[in-house]
Amino acid sequence: MTVPTKQPTPAEISTRNLGLLHEVLSIDSTWGRETQLAEFMAESMRQWGVDEVALVESMPGRYSVGGRIKGTGGGKSLLLNGHLDTYEISPDWTKDPFAATVEDGKIYGAGIADMKAATTAGLAVMRDIALSGQRPKGDVVFQGVSCHFEGGVGTRSLLDAGFTADAGICGEPTDNTIGTVHRGAAYLKVTTHGKQAHTSAKELGLNAIETMEPILAGMRKFESEMPYRPHPELPGGPNLNIGTIRGGTKHNQVPDRCEMTCDIRLLPSQDPYQVREQAEEMIGRLTAVDPRIKATVEFSEHWLSGPRLPYEIDPESPIAQATAHAVASIGSTPIFKGIPFWTDMVPLAQAGIPAINIGPGTPPYSWADEWVEQAKYDEIIAIYAALANQWCNQSR
């Protein structure tokens, strides 16, 4: 006589999922220290019986993890992408950032919104499918990526290692709304070149900090002058932030170099390479007025490691509509909403993988006492599971 297997209650499922999130949050994966978390995820997937698991060195000493559950054949494959790296912890935390504290329906933890809750949700789906003994027709692929903040370097390395699929899901924090469009960015480095001299003979030098001053004013004006086409899902125009400025060596030396870096967030109608050229033209006009200005405009090394291009996919595309159906299937209302930041949908698209983004978490995304609603964490696991079941059982 076969004894029916007792199905876990919703409360038991939620507790199990919270336990996995606690383990993930307890591992410090601050930017540059992702390997321990990648190793934990790799070992977990091996224990669950995931068919293919690999650690991939995305940058020296920084590992990403890929996993694949092989389908029975004939179905579409789905990729669940989430980054492991988190920003540095603010000293203003009042809770243990690695304890997964639960209070008033919120789970607190370093990087939980950006984006350990969603990454863990993808891992939970891999666990549940692997342990169920019932495989969909198509493969289910997991990417736990390091080096996301370098512009999707970890995602690119896992794609190169073969962890690809017919469609992809990223889980950046969108409060479980569906994102099909987001801004890009141009990280520019402007350097003014002067001539070093001693204060006692400053007339023999050229102060690079002083020649940077009109450029700073010009960049602030440049923010409102850049041409762009408005987008209904991304309110407003391009956003420019002057992030750093460095110049000089000593108080009694005329500085021969001054460097400014800025972050310009762009609309899909804008091209980062053209924006750099437009900045060069603006500075050229300043130089025509003041020939002392000698400046170069480059992309920062951080941008060049993974160009932050804008992204857009048709909301009527198969993966977007499948995601909407998955959201509706669990009793929630699918909402499409533009994303104000950059995601790894770009490297996925560059590899020929159409992708959308859906994940828990709300602005400001990375902050002291960062949290995610427990209900939204449970919900995203249910959405990912429903989507994997629906998408991967469709015939190719």
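One table, with the values for the structure above:
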{"quantity": "Residue pairs meeting the criteria (Cβ under 7 Å; at least 6 apart or on separate chains; first in the same structural domain as residue 349 (by TED's automatic domain parsing), in the range 63-80; second among the acidic types (Asp, Glu) and not in a loop (DSSP other than H, G, I, E, B))", "calculated": "63/57; 67/52; 68/52"}
{"quantity": "Candidate set from the range 299-317 (those that are over 12 Å from residue 272 (Cβ atoms) and touching a strand residue (DSSP E or B) at 6+ places or on another chain (Cβ under 7 Å)); member that is surrounded by the fewest Cβ atoms within 10 Å (Cβ to Cβ)", "calculated": "302"}
{"quantity": "Filter result (within 15 Å of residue 28 (Cα to Cα), surrounded by 22 or more Cβ atoms within 10 Å (Cβ to Cβ) and either over 13 Å from the mean Cα position of the chain (by Cα) or hydroxyl-bearing (Ser, Thr, Tyr) (or both)) within the range 70-96", "calculated": "86"}
{"quantity": "Any hit, the range 174-186, residues being farther than 25 Å from residue 317 by Cβ and buried (at least 24 other Cβ atoms within 10 Å of the Cβ)", "calculated": "yes"}
{"quantity": "Qualifying residue in the range 287-304 (condition: in the same structural domain as residue 80 (by TED's automatic domain parsing) and assigned to a loop (DSSP other than H, G, I, E, B))", "calculated": "no"}
{"quantity": "Subset of the range 67-100 that is touching a strand residue (DSSP E or B) at 6+ places or on another chain (Cβ under 8 Å) and of a type in the set (Ser, Thr, Tyr) - its residue that is farthest from residue 391 (Cα to Cα)", "calculated": "87"}
{"quantity": "Search result, residues across the range 256-279 that are surrounded by 15 or more Cβ atoms within 10 Å (Cβ to Cβ) and in a helix (DSSP H, G or I)", "calculated": "272, 275, 276, 278, 279"}
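Residue-wise test of (1) in a strand (DSSP E or B); (2) at pLDDT below 95; (3) out of contact with any helix residue (DSSP H, G or I) (no Cβ under 6 Å at 6 or more places or on another chain).
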{"site": "1", "(1), (2), (3)": "no, yes, yes"}
{"site": "24", "(1), (2), (3)": "no, no, no"}
{"site": "28", "(1), (2), (3)": "no, no, yes"}
{"site": "37", "(1), (2), (3)": "no, no, yes"}
{"site": "50", "(1), (2), (3)": "no, no, no"}
{"site": "56", "(1), (2), (3)": "yes, no, no"}
{"site": "66", "(1), (2), (3)": "yes, no, no"}
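The values are calculated or read from the model by the stated rules, or taken from the named source; none is laboratory data. The structure presented is a predicted model; accordingly, all values stated were derived computationally and were not measured. Virtual Cβ from ideal backbone geometry, glycine too; neighbours counted across all protein chains shown.
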